[in-house]
Amino acid sequence: QQLARHAPVDVKAFPVSEEFLQFLREEHSRGRKLVLATGADESTARQVAERFNIFSEIVASDGLVNRTGSKKVEQLIQKFGRGGFDYAGNSKVDLPIWEVAQERILVNGSASLQRKLEMAGGISRVFTPQRSFFRVLPRVLRAHQWAKNLLLFVPVVTGHQLTNPQTMWHIGLAFVLFCLCSSSVYVANDLHDLEADRRHRTKRHRAFASGQCPILAGLILAPLLAVLGLAGAAFLPPMFFGYLVLYYVASTAYSWFLKRVALLDVFVLAGLYTLRILAGHGATGIPYSSWLLGLSMFLFLSLALMKRYIELRRLVPDGSQAVAAAIIKRAIWPRCFRSVQPAVTWR
């Protein structure tokens, strides 16, 4: 109850199993009594009931009794008797309830839980089987973003060291460590922006926001990946460790709040790309090139500005050119130059 009071959640943004929800609505339309039985606080349960408007009654924790496990079983037996109800659940803690239910319905359950239910007497229906964790893992780690870390190889290419075995070993390990640390930042960012992602047009399909991966897995993965990445840097020169730590701190700060600061966000984003090239120099000991670093910074700054421009353009429906111009002006035009009117044209 205290958690519900001090850390309320936005129930309207929760992901749902559409297949199971359709089944419940069909049963409700036939006149069947549906009861929402949950260990969550009754204030949260009421919000869920109000969202779907199909439940006749709520059985939830009330601040005195925690309606989970055996307490939920006792309440349901008291209301309906043994075998007097069907139960739909998704967790191992629901096993005692399924033992006294007439029909067992599994929703978004794991393969191991499904096997246990089948051995214990069978399952009436299965909705939305949970994806294997290892199938979802590449999306959780955002493995497609690892391509950015190929920038570490730029000093090796420009320094003509591709045939040097020791250099290639160092840069290969550096690439793996950067991938581990970047994935740690992505996981932490997805957990931090969970509710915002659930409201977003495309980000709501991310693994945590859509419910495809449990939040507990993210709470374990984020620090584990960071520890592995930073510990592995002990096998490379100290300069690389400094760059890796700087990257981790800067990318975390960018993901959590710097990306919301106009102009500063694009400079930090461009700096993170350039930092990868610096880390390549630090891992291999190849001398720095001021020309390469200067070219990289301006190139990545240009790409970051273009990225922001495209994102802002997508925020506005087609035809709202005046509104779009105002948004872009306020978002990326420096405060000190507000007196100078930028020319924004559309084609």
Any chance you could give the angle, 0 to 90 degrees and rounded to 10, that helix 215-232 forms with the longest Cα principal axis of the chain? 30 degrees
Average projection area in nm² (convex hull over Cα atoms of region 1-160, one quarter of hull surface): 13.7 nm²
Calculate what fraction, in whole %, of the accessible area of the chain sits on carbon and sulfur atoms when a 1.4 Å probe is rolled over the protein chains. 61 percent
The chain: angle of helix 70-80 to the longest principal axis, Cα-based, in degrees nearest 10: 40 degrees
Provide, for the chain, the number of lysine pairs with alpha carbons under 19 Å apart, each pair being eight or more places apart or on different chains. 14
Apply the a/c threshold of 1.5 to the C-alpha gyration tensor of region 190-269 and tell me whether it is rounded, prolate or oblate. oblate
I need the phi-derived Karplus couplings for region 60-67: 6.51 cos²θ - 1.76 cosθ + 1.60, θ = phi - 60°, integer Hz, Gly and Pro marked x. 8, 5, 10, x, 10, 10, 8, 7
Which trypsin sites (Lys or Arg not before Pro) does region 73-160 hold that lie in a coil by DSSP with at most 13 other beta carbons within 10 Å? 82
The chain - mean residue ellipticity at 222 nm from DSSP helices (-39,500 (n - 2.57) per run, n ≥ 4, rounded to 500): -18000 deg cm²/dmol
Expressed per residue, the solvent accessible area of region 1-152 in Å² (1.4 Å probe) is about 60 Å²
Per the Kirkwood treatment, what hydrodynamic radius in Å, one decimal, follows for the chain from the mean inverse distance over all distinct Cα pairs? 24.3 Å
Share of pairwise Cα separations in region 1-49, more than 18 Å, in percent: 42 percent
Using a/c under 1.5 as the rounded threshold, could you call region 103-252 rounded, prolate or oblate? The axes a ≥ b ≥ c are square roots of the C-alpha gyration tensor eigenvalues, and prolate needs a/b larger than b/c, oblate otherwise. prolate
Per residue, in Å², the accessible surface of region 198-269 once ligands and nucleic acids are set aside, probe 1.4 Å: 55 Å²
Apply the Karplus curve 6.51 cos²θ - 1.76 cosθ + 1.60, θ = phi - 60°, to the phi angles in region 297-309 and return the couplings in whole Hz, x for Gly and Pro. 4, 5, 5, 5, 5, 4, 5, 5, 5, 5, 4, 5, 4
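The values are calculated or read from the model by the stated rules, or taken from the named source; none is laboratory data. Quick caveat, the model's predicted, so the values are computed rather than measured. Glycine gets a Cβ as well: all are built from the backbone with ideal geometry, and neighbour counts include every protein chain shown. Side chains included, ligands, DNA and RNA excluded: accessible areas come from the protein's heavy atoms. Shrake-Rupley method; radii C 1.70, N 1.55, O 1.52, S 1.80 Å.
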